[in-house]
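What follows is calculated from the coordinates using simple rules that are stated; it is not laboratory data. Everything quoted here is computed from the prediction, not taken from an experiment. Cβ: placed from backbone, ideal geometry, glycine included. Neighbour counts: every protein chain shown.
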Amino acid sequence: MALCTLCERREAIFLRPYSGERLCARCFSKSIERKVRATISRYEMFEIDDKIMVAVSGGKDSLTLLHILEKIEREFPESELGAVTIDEGIRGYRDEAMKLAVKNCRKLNIEHVTSSFKDIYGYKLDEIVDIARDKGKGLTPCSYCGVLRRRALNIVAREWGADKLATAHNLDDETQTIILNILHGDVVKLAKLKPVLTEPHPKFVQRVKPLCEVPERETTLYAYLKRIEFQTTPCPYARTALRNDIRNMLNRIEEKHPGTKFTIYRSIEKIRPALEATAKKVRIKECKLCGEPTIGDICKVCEMLQELSIL
């Protein structure tokens, strides 16, 4: 029986390959909470009296973040914590997640706000995907969902009066996005990919990523150990995205070379000043059609909906 590296008393249940630590359930859970606290502190994510809204999908990452932030925020009575769930409108998938999001928020006594693509845009994602296919458009369902979901989260968080919008992007998400942006040659997005997103416009709610340095498999184990109920069914559209192939590639490399994901993440941290100096400075203005913040005359959401003739 291997003992925990940290407490040297209890049996280890997890080997952390990139550090060599063997951890018991208790020490593992505490290590995740410490890492989130350290990330929040390092990047100065929150003020003591912030009104924080957590984007909760019903999956392991967002519910893990919700439970950890609720635990942290108990120490700061001046702050306020809420949650938002967006129903994209995906048959046989989102219903279960919505129920789990509601259940966890009630358990933690956290105000929970819900909205949907149907409420905001007039169409469910399934309907948008069908229209795009009928018109022969080349974008994947994930491309539509990502753009529309980010807008929806920002609208709801702003209407709730949030100072910060906390999203559950983990280390895997961040490294996948780095590789995606490199493949697309998108220097601007690489420069903006950071734990605290700063958008110079009053209609943007500042987004923060407290889980950005926690590997996905560790958020999953934390959720299991804490008996957090979360959705396990994958999104039916996920397999169509390039991100899925990049995820599989990075997982294979990480298995052979532990710590690779951290190396990629830290590399971008080091070169970000150079990327920011190279990236073209853009002025944020308001979309001529919907009034939401954008860098062009027409925002990406309106461009997409116009292209499908549903705006």
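Loop-located GluC sites (Glu not before Pro) across the stretch 189-232 with a Cβ neighbour count of 15 or fewer within 10 Å are Glu229, with loop assigned by DSSP.
Please state the shape class of the stretch 145-293: rounded when a/c is under 1.5, otherwise prolate if a/b exceeds b/c and oblate if not, all from the C-alpha gyration tensor. Please list the in-between numbers first.
Numbers: a/c = 1.77, a/b = 1.26, b/c = 1.41.
Since a/c reaches 1.5 but b/c is at least a/b, the shape of the stretch 145-293 is classed as oblate.
Show me the ranking of peptides 57-68, 112-123 by mean Cβ neighbours inside 10 Å, starting with the highest.
Values: 57-68: 24.2, 112-123: 17.2.
Highest to lowest by the protection proxy: 57-68, 112-123.
In the chain, what percentage of the DSSP-assigned beta bridges are antiparallel, given to the nearest 5? Walk me through the intermediate numbers first.
On the way: 8 of 25 bridges.
In the chain, DSSP labels about 30 percent of beta bridges as antiparallel.
Does the stretch 230-302 come out rounded, prolate or oblate by the C-alpha gyration tensor, with a ≥ b ≥ c the root eigenvalues, rounded set by a/c under 1.5 and, if not, prolate when a/b is larger than b/c and oblate if not? Since a/c reaches 1.5 but b/c is at least a/b, the shape of the stretch 230-302 is classed as oblate.
Using a/c under 1.5 as the rounded threshold, could you call the stretch 137-185 rounded, prolate or oblate? The axes a ≥ b ≥ c are square roots of the C-alpha gyration tensor eigenvalues, and prolate needs a/b larger than b/c, oblate otherwise.
Working: a/c = 3.02, a/b = 1.46, b/c = 2.07.
Verdict is oblate for the stretch 137-185.
Spatially, the stretch 285-309 and the stretch 187-237 are offset by 25 Å when compared through their Cα centroids. Counting only Cβ charges, +1 for Lys and Arg and -1 for Asp and Glu, the dipole size of the chain around its Cα centre is about 640 debye. Given the rule -39500 (n - 2.57) for each run of at least 4 DSSP H residues, summed and divided by the residues of the chain, what is its mean residue ellipticity at 222 nm, to the nearest 500 deg cm²/dmol? For the chain, the value works out to -15500 deg cm²/dmol.
Taken as Cα centroids, the stretch 246-263 and the stretch 25-80 sit 26 Å apart, rounded to the nearest whole angstrom.
Provide the packing ranking of 295-306, 177-188, i.e. peptides ordered by the mean count of other C-beta atoms within 10 Å per residue, highest first. All intermediate terms of the calculation are to be shown ahead of the outcome.
On the way: 295-306: 16.8, 177-188: 14.8.
Descending packing order for the listed peptides: 295-306, 177-188.
Cβ neighbours within 10 Å, averaged per peptide: list 6-12, 95-101 in order, most packed at the top. Please report the intermediate quantities before stating the final value.
Working: 6-12: 13.6, 95-101: 18.6.
The peptides rank, most packed first, as 95-101, 6-12.
Across the cross-link table entries Lys192/Lys285; Lys192/Lys270; Lys135/Lys281; Lys137/Lys285; Lys30/Lys226; Lys51/Lys288, which are compared at the Cα atoms, the separations over 23 Å belong to Lys135/Lys281; Lys137/Lys285; Lys51/Lys288.
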